[in-house]
Amino acid sequence: MKLDSKVPEGPLKDKWTNYKNNINLVNPANKRNIDVIVVGTGLAGGSASATLAELGYNVKAFCYQDSPRRAHSIAAQGGINAAKNYQGDGDSTYRLFYDTIKGGDYRSREANVYRLAEVSANIIDQCVAQGVPFARDYGGLLDNRSFGGVLVSRTFYAKGQTGQQLLLGAYSAMNRQIAKGKIEMFNRHEMLDVVVVDGKARGIIARNLVTGEIERHSAHAVVIATGGYGNVFFLSTNAMGSNVTASWKVHKRGALFANPCYTQIHPTCVPVHGTQQSKLTLMSESLRNDGRIWVPRKLEDAKAVREGKLKAKDIKEEDRDYYLERRYPSFGNLVPRDVASRAAKERCDEGYGVVNNDTNEGVFLDFASAIQRYGKQQAHLKGIHNPSADEIESLGKKVVESKYGNLFDMYKQITAENPYETAMKIYPAVHYTMGGVWVDYNLMTTVPGLYAIGEANFSDHGANRLGASALMQGLADGYFVLPYTIGDYLSADIRTGKISTDLPEFAEAEASVKSQIDTLINNKGIHSVDYFHKQLGLIMWNKVGMSRTTEGLKQAIEEIKALREAFWKEVKVPGTADELNQELEKAGRVADFLELGELFARDALEREESCGGHFREEHRTEDGEAKRDDVNFAFVSAWEYTGQPSEAILHKEELIFENVELKTRSYK
Amino acid sequence: MATEKGINITLKVWRQKNGQAKGALETYELKDVSPDNSFLEMMDILNDQIIMKDGSPVAFDHDCREGICGSCSMYINGEPHGPGRLVTTCQLHMREFKDGETIYVEPFRAKAFPIIKDLIVDRSALDRIQHAGGYISVNTSGNTQDANAIPIEKENADKAFDAATCIGCGACVAACKNASASLFMSAKISQYALLPQGQVEAKNRVLAMVKQAEEEGFGPCSNTGACEVECPKGISLENIARMNREYLSASLLTK
Ligand SMILES: Cc1cc2nc3c(=O)[nH]c(=O)nc-3n(C[C@H](O)[C@H](O)[C@H](O)COP(=O)(O)OP(=O)(O)OC[C@H]3O[C@@H](n4cnc5c(N)ncnc54)[C@H](O)[C@@H]3O)c2cc1C
């Protein structure tokens, strides 16, 4: 199989415009005869469904929650990037493109990233027109904040609920089309397989999660917008139901899976508190605009903090190690996530961790100086001369509250500690997956008519995603890219007519879904689904997590294989197949994670370099930074399924950089 | 992250096999539950025990477990989302409960929210209210005017945002003796009424959404304010007042 990225000819900045001008379109009357299935209603799927329906296609949209508004995009906190240059700080399409390529450690495709930067400004315009209430300043204009890995302020936000507001925007656009009958919405439905007819994606098999019924749905094209697979680690910042099933099932039906090992471990999350914990909670990167990260400089202080004998605020300034500011003076607390996460791990591995859990893993994120700074500024603005320390503190806290109030509340609910009074404790956690289904410039997978958008694809973030770029990508794909590129493909389908669900391919896919469900339900096992999921998570975190070694990865592959065998023998799924059965839902998802995990480790083993979120201990510089190998590894790893996950065949898409020079990423 | 001693609790949980079946409270005992566990983690532990004893685990809606997706919907000790203000069920922690306490866990109840199974109810009526008018009619085009073309007074922008933070969980309905969806509806109506973009369709929107709510079987608002108290996002009653004004002027104008 030869991978063709279908990147158009011509200069980078003209590619997308020229391409749009030359692709085939479907006339409005014909669009009425064409059906498109969109699986997922997050930012990517929601925006795509709405736009495709506006264009005139008949859309069938699916999500596993009870409403499209609950897709996990809702949880995104910090913001969305766009090259608007409203702050006049020198931002431009090129700069956003460059930052994203560099942030991704030169492992993404130039043309895709440039297009993303190019449409970013439209996203903000579109969302504002929909009524998305972004934060504004007193002049009534849109406000911005900064995110990691960049030197401009280009992040638009709605307090700590940016994802919610953007998703509700897309949801409202969907609602308008649902009301018109252009979108048929299938809530509480889970896609369990894709149906490929004569080499083309022509439908899906879905389970109605309320009745248990297995349904066949046909269409002229299928779009996967099912989000990321971070839950392969069990504990992550993803929603409990986030899963890889749709992506994995299409992989098994011929879609290549790209860069599975590129995972983002986010530096600022609430640390693990115990073995019964079900998920981890993110504290948005936006907090690093104002929070300073540190650990005690002395081992004995760290120990005393862990034992509850010493408080952060009682540690003197000179006894604190603001290790990010120390190691990376030019970016300081705003280094990219991969860099910040490894630095936290490094300090904790050396014994400076401040949290009393099994592994002592945790560092401080401190707002005391920000509270002072804002307090003084406010006093000045309000004309208060000689403000008292209390006045400054209270004014400063108000500003911090207005910026991050909901995050502080969330922290307090989880930990029972008040972050306005005492430094937060945070630690890295699995957050986002840059890898995903391989797609070409059109966002089409290697199966014709099958598309993947949003976090489910691999396309734009290389080996590390910059903060506030996932929301941008999801909406770019759904509002502005896919609706064009899919037309080019569908223009050949105007005379096809309805696709019948009686075709043998539908029967075969349905039978395979049913057989897996039967096996799970009838297995007289001894352990719950979570038992296996937690074990998989531990293997992944310890051996395929923040730092990886040849030895560890080889072990992980063997351990996952063994665990998968045990799962199929010993898993216990209560209830029946023809009812609402949440354990059955989980079992299917974990079965797929158990396969993905193995490919993930294989991919990490194969990539003999460190880049972005992928850190191999064998490949680092003298001062412990990641060491990339551009000569041998400037390619996308795209895996073809052959039966055993780790025996997949590797296809390489060479990455060609014509517009940026490959450099060692430095944030010093 | 203090590790305190575990507590013992008795749970009375609503069990109902499906929409047609009759339901009842069942009693479960849980020992040594860590106060650091979230309420839903406690439910996970309960379910693990039930599964190991070959029982049928308690079905409940949940997803993000950080208070934003609006999936979780339990009526705990007589309150939607349980004790405490401004929290969803998933953010509730066991440290809010005492050793030896009996905890009642029921579904959100309302005529418009039929029970699907155990603690899971069907809230699609809320979606249908949004279909009726919860949007601004603008196509995706890439040619919309520049986002900064219309400045919006910060105060209005902030209020619109506050209204827009509704998570659509339905606690307001469950808290209301009339099972009214007014707070839910008014949040969307206010958000758009406060923004210039939303004004063009304001009249039709409020009329259509209110009509749909009636058809779904949600009751009228009698201003007791229970919804505001139980709303995990602190959506203010002011929004209902604004909706009523919008409704009144829209009805007068269309007469
Ligand atoms: C806590 C948190 C905070 C974040 N903050 C930011 C931020 O500030 N800025 C930023 O840019 N990014 C942020 N991200 C990342 C970003 O939110 C996600 O990458 C992005 O929202 C993913 O959108 P999506 O549309 O691809 O998928 P999702 O929003 O995850 O949607 C997936 C959809 O697929 C459906 N689905 C899944 N599987 C199936 C199936 N088998 N059958 C049917 N339906 C299925 C689900 O029901 C859902 O509708 C954050 C992520 C997290 C977890």
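Every residue in the range B:133-144 that is free of Cβ contacts under 8 Å to residues at least 60 places away in the same chain and more than 7 Å from chain A (Cβ to nearest Cβ), please.
Correct list: B:Ser141, B:Asn143.
Summed over the range A:135-164, the residues that are under 16 Å from B:Lys154 (Cβ atoms) and at the interface with chain B (Cβ under 8 Å from one of its Cβ atoms) give a count of 10.
For the range A:328-350, the criterion of being touching a strand residue (DSSP E or B) at 6+ places or on another chain (Cβ under 7 Å), farther than 30 Å from A:Cys611 by Cβ and not β-branched (Val, Ile, Thr) is met by none of the residues.
Taking the conditions exactly as written (open to solvent by less than 20 Å² (accessible area, probe 1.4 Å) and aromatic (Phe, Trp, Tyr)), does A:Phe367 satisfy them or not?
Working: open to solvent by less than 20 Å² (accessible area, probe 1.4 Å): yes; aromatic (Phe, Trp, Tyr): yes.
For A:Phe367, the condition - open to solvent by less than 20 Å² (accessible area, probe 1.4 Å) and aromatic (Phe, Trp, Tyr) - is met.
Annotation note: Cβ proximity below 7 Å between a residue of the range A:652-668 that is assigned by TED's automatic domain parsing to the domain that holds A:Glu609 and a residue that is among the charged types (D, E, K, R) (sequence gap 6+ or interchain) occurs for no pair.
So in the range B:24-53, with the set limited to residues that are of a type in the set (Asp, Glu) and facing chain A (nearest Cβ under 7 Å), which one is farthest from the ligand (Cβ to nearest atom)? Give the steps one after another, and end with the answer.
Looking only at the range B:24-53, we keep the residues that are of a type in the set (Asp, Glu), and these are B:26, B:29, B:32, B:36, B:41, B:44, B:48.
When the remaining residues are screened for being facing chain A (nearest Cβ under 7 Å), the result is B:36, B:41, B:44, B:48.
Values: B:Asp36: 20, B:Glu41: 18, B:Asp44: 20, B:Asp48: 24 Å.
Top of the filtered list is B:Asp48.
The residue list B:Glu106, B:Glu215 contains one member that is within 22 Å of A:Met185 (Cα to Cα) and away from chain A (no Cβ under 12 Å), which is B:Glu215.
So, in the range A:191-207, how many residues would count as being buried (at least 23 other Cβ atoms within 10 Å of the Cβ) and more than 30 Å from A:Gly467 (Cβ to Cβ)? Outline the logic, then answer.
First pass over the range A:191-207, keeping only residues buried (at least 23 other Cβ atoms within 10 Å of the Cβ): A:191-195, A:201-207.
Remaining after also requiring more than 30 Å from A:Gly467 (Cβ to Cβ): A:192-195, A:201-207.
Final tally of qualifying residues: 11.
Exactly one residue out of A:Ser153, A:Ser146, A:Ser120 is under 20 Å from the mean Cα position of the chain (by Cα) and open to solvent by 10 Å² or more (accessible area, probe 1.4 Å), and it is A:Ser146.
When we screen B:Cys90, B:Cys64 for residues that are in a helix (DSSP H, G or I), within 13 Å of another protein chain (Cβ to nearest Cβ) and hydrophobic (A, V, I, L, M, F, W, C), the only hit is B:Cys90. Of the set (1) open to solvent by 50 Å² or more (accessible area, probe 1.4 Å); (2) of a type outside the set (A, V, I, L, M); (3) under 30 Å from A:Asn442 (Cβ atoms), all apply to A:Gln535 but (3).
Anything in the range B:209-255 that is of a type in the set (S, T, N, Q), closer than 21 Å to B:Ile68 by Cα and outside any helix (DSSP H, G or I)? List them, or say none.
Filtering the range B:209-255 down to residues of a type in the set (S, T, N, Q) leaves B:212, B:222-224, B:236, B:239, B:244, B:249, B:251, B:254.
Those still in the list that are closer than 21 Å to B:Ile68 by Cα too: B:236, B:239.
Passing the criteria: only B:Ser236.
When B:Gln130 is tested against (1) open to solvent by less than 10 Å² (accessible area, probe 1.4 Å); (2) more than 9 Å from chain A (Cβ to nearest Cβ); (3) not in a loop (DSSP other than H, G, I, E, B), just one condition goes unmet, and that condition is (2). Only residues that are more than 12 Å from the ligand (Cβ to nearest atom) and either part of a loop (DSSP other than H, G, I, E, B) or without any contact (Cβ under 8 Å) to a residue 12 or more places away in the chain (or both): list them for the range A:463-491, please. Within the range A:463-491, A:Ala463, A:Asn464 meet the criteria. In summary, helices (runs of 4 or more DSSP H) completely within the range A:1-92 and bearing 3 or more residues that are crowded, with 21+ Cβ neighbours inside 10 Å occur at A:43-55. Among the residues making up the range B:146-202, those that are in contact with an Asp or Glu (Cβ under 8 Å, 6 or more places away or on another chain), of a type in the set (A, V, I, L, M), open to solvent by less than 20 Å² (accessible area, probe 1.4 Å) and not in a loop (DSSP other than H, G, I, E, B) are B:Ala171, B:Ala174, B:Leu183, B:Ile189, B:Ala193, B:Ala202. Of all the residues in the range A:398-437, those that are away from chain B (no Cβ under 11 Å), open to solvent by 40 Å² or more (accessible area, probe 1.4 Å) and more than 16 Å from the ligand (Cβ to nearest atom) number 6.
Note on the range A:266-302: residues that are within 13 Å of the ligand (Cβ to nearest atom) and basic (Lys, Arg) total 2. Kindly list, by first and then second residue, each pair from a residue in the range A:351-377 that is more than 30 Å from A:Leu395 (Cβ to Cβ) to a residue that is hydroxyl-bearing (Ser, Thr, Tyr), limited to pairs with Cβ atoms under 7 Å and residues at least 6 apart or on different chains. Final answer for the pair search is A:Val355/A:Tyr427; A:Glu361/A:Tyr427.
Anything in the range A:243-263 that is open to solvent by 10 Å² or more (accessible area, probe 1.4 Å) and over 15 Å from A:Phe593 (Cβ atoms)? List them, or say none. Before the answer, list the steps.
Here is the first cut: in the range A:243-263, the residues open to solvent by 10 Å² or more (accessible area, probe 1.4 Å) are A:243, A:249, A:252-254.
Answer for the range A:243-263, where residues must be open to solvent by 10 Å² or more (accessible area, probe 1.4 Å) and over 15 Å from A:Phe593 (Cβ atoms): A:Arg253, A:Gly254.
Okay, residues lined up against (1) at pLDDT below 95; (2) aromatic (Phe, Trp, Tyr); (3) open to solvent by less than 10 Å² (accessible area, probe 1.4 Å):
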{"residue": "A:Ser512", "(1), (2), (3)": "no, no, no"}
{"residue": "A:Asn523", "(1), (2), (3)": "no, no, no"}
{"residue": "A:Arg548", "(1), (2), (3)": "no, no, yes"}
{"residue": "A:Leu563", "(1), (2), (3)": "no, no, no"}
{"residue": "A:Phe567", "(1), (2), (3)": "no, yes, yes"}
{"residue": "A:Glu570", "(1), (2), (3)": "no, no, no"}
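Can we say B:Gly70 is within 16 Å of the ligand (Cβ to nearest atom) and more than 20 Å from A:Val270 (Cβ to Cβ)? Yes: the conditions hold for B:Gly70. Of the set (1) of a type in the set (D, E, K, R); (2) facing chain A (nearest Cβ under 7 Å); (3) touching a residue at least 24 places away in the same chain (Cβ under 8 Å); (4) crowded, with 22+ Cβ neighbours inside 10 Å, all apply to B:Asp118 but (2). In the range B:67-87, the qualifying residues are those that are open to solvent by 10 Å² or more (accessible area, probe 1.4 Å) and more than 19 Å from B:Arg15 (Cβ to Cβ), and the one that is farthest from the other protein chains (Cβ to nearest Cβ) is B:Glu79.
The values are calculated or read from the model by the stated rules, or taken from the named source; none is laboratory data. For clarity, every value in this text was computed on a predicted model and none was experimentally measured. Every residue, glycine among them, receives a Cβ derived from its backbone with ideal geometry; neighbour counts consider all protein chains shown. Just the protein is used for accessible areas: all its heavy atoms, side chains included, with ligands, DNA and RNA removed. Shrake-Rupley method; radii C 1.70, N 1.55, O 1.52, S 1.80 Å.
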